[in-house]
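Engineer: This is the structure I have questions about; it appears just below.
The values are calculated or read from the model by the stated rules, or taken from the named source; none is laboratory data. What you see is a predicted model, and the numbers here were worked out from it, not measured in a lab. Glycine gets a Cβ as well: all are built from the backbone with ideal geometry, and neighbour counts include every protein chain shown.
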């Protein structure tokens, strides 16, 4: 199966990533893998190890924490997964598609190289 990557235009719609210099955004786009989700499909589960950073390209995703219920809804332009990577802790919530959705994600190394330096802004 051929991988599909996120486009620079898609990533520029994400507030955090819009601040990246053009060259960094281009490198990130080459390393962000797209994933299509069906409604109800979980992207990450609370307690799992966190190895990827995600951005929402389309659709709606729900964030749920055990014992606390639904926490918020993620929309296109939102991102998640950074807490597990920055703090090196297990996933703090389960994120599932509420509607058919598309996310793009990168691995820890890409996150550390291109995204993490822009989190403390």
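Engineer: Could you tell me which of the residues 104, 39, 93, 97 is in contact with a strand residue (DSSP E or B) (Cβ under 9 Å, 6 or more places away or on another chain) and under 16 Å from residue 17 (Cβ atoms)?
Structural biologist: Residue meeting the stated conditions: 104.
Engineer: On to the next question. For residues that are closer than 22 Å to residue 18 by Cβ and out of contact with any helix residue (DSSP H, G or I) (no Cβ under 9 Å at 6 or more places or on another chain), scanning just region 77-90, find the one that is modelled with the highest pLDDT.
Structural biologist: 80
Engineer: If you check residue 45 against the conditions, is it in contact with a strand residue (DSSP E or B) (Cβ under 8 Å, 6 or more places away or on another chain), modelled with pLDDT under 95, more than 23 Å from residue 11 (Cβ to Cβ) and loosely packed, with under 15 Cβ neighbours inside 10 Å?
Structural biologist: no
Engineer: Go through region 15-42 residue by residue and tally those that are modelled with pLDDT under 90 and out of contact with any helix residue (DSSP H, G or I) (no Cβ under 9 Å at 6 or more places or on another chain).
Structural biologist: Matching residues across region 15-42 total 2.
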